[in-house]
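The values are calculated or read from the model by the stated rules, or taken from the named source; none is laboratory data. Bear in mind the structure is a predicted one, so any value in this text is a computation, not a measurement. Cβ coordinates were reconstructed from backbone atoms using ideal geometry, including for glycine residues, and neighbour counts include every protein chain displayed. When the accessible area is computed, the model is the full protein with side chains, heavy atoms only, and any ligands, DNA or RNA have been set aside. Shrake-Rupley method; radii C 1.70, N 1.55, O 1.52, S 1.80 Å.
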Amino acid sequence: VATEEAATEEGGQLVMPTNAEFPPYEYREGDQIVGIDADIAAAIAEELGMELVIEDMQFDSIIAAVQSGKADIGVAGMTVTEDRLVTVNFSDPYTQAAQVIIVKTDSEIATPDALAGKTIGFQLGTTGDLYAEDIEDATIERYNKGFEAVQALTQGKVDAVIIDREPAKVFVEQNEGLKVVDEEFTVEDYAICIAKENTELLEKINTALATLQESGKLDEIKAKYINAE
Ligand code: ARG
């Protein structure tokens, strides 16, 4: 690849940083990274006639990789926030998401208000983490991986974990004695982040997303990984 620009042209590579610790959006299956985001990015790459290259990294390194031009599209169940919009652009949202609370089955915590004064686990650098300071008198524990926060909950080191809804469901299924609190903590949008200068790619991604929405492909991908309740 001769120039940075050539990197996002037809026939070129579309480099996607993600953090594959986040089922069902991105996780490892053998040596493959699979999930909703991986499938959506593959469908977008196909629309653009490009080759998708997925790079696994820490969640809080993704924006820097995109911003510096080392990568093209951050797809990682990433919530659109005002703070992030200062450094990167976001595509149109491709899914509605939420932050939820996981507790032990016998916990008395049944609403977000009941978190006051408790010890709460978060995945470092995520939007859940962002809300930490809004919770009165809470003690905050940060973990590199969402599932490490969930382990801490199982071990009684924290009283609750705040994390995205679909990963929460997967973690609760995989660990005995946990449940998701019915009342959601917040509602959010996931979108793809792209470098501020790369407005051409932003437009292409939005067009591809619209096509995939219209054709039903987006819904098909989500349905493949998320069981309807
Ligand atoms: N939605 C949250 C955020 O944007 C968490 C995303 C974590 N994603 C991941 N692949 N680990 O901060």
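Of the residues examined, D92 is one that is open to solvent by 50 Å² or more (accessible area, probe 1.4 Å) and touching a Leu at 6+ places or on another chain (Cβ under 9 Å).
Among the residues of segment 101-115, is any open to solvent by less than 60 Å² (accessible area, probe 1.4 Å), within 16 Å of the ligand (Cβ to nearest atom) and within 28 Å of K196 (Cβ to Cβ)? No, segment 101-115 has no match at all.
For segment 129-144, enumerate the residues that are open to solvent by 70 Å² or more (accessible area, probe 1.4 Å), under 23 Å from M78 (Cβ atoms) and part of a loop (DSSP other than H, G, I, E, B). Scanning segment 129-144 gives a single hit, N144. A98 falls short on exactly one of the conditions (1) crowded, with 20+ Cβ neighbours inside 10 Å; (2) within 14 Å of the chain's Cα centre (by Cα), and that condition is (1). In this structure, A195 does not qualify as under 20 Å from the mean Cα position of the chain (by Cα) and loosely packed, with under 13 Cβ neighbours inside 10 Å. Yes or no: L85 of a type outside the set (D, E, K, R) and loosely packed, with under 15 Cβ neighbours inside 10 Å? Considered against the rule, which asks whether it is of a type outside the set (D, E, K, R) and loosely packed, with under 15 Cβ neighbours inside 10 Å, L85 comes out as yes.
Scanning segment 198-221 for residues that are open to solvent by less than 10 Å² (accessible area, probe 1.4 Å) and more than 26 Å from E10 (Cβ to Cβ) returns no hits. Among the residues of segment 78-125, count how many are touching a Gly at 6+ places or on another chain (Cβ under 8 Å) and either modelled with pLDDT under 95 or not in a loop (DSSP other than H, G, I, E, B) (or both). So the answer is 6.
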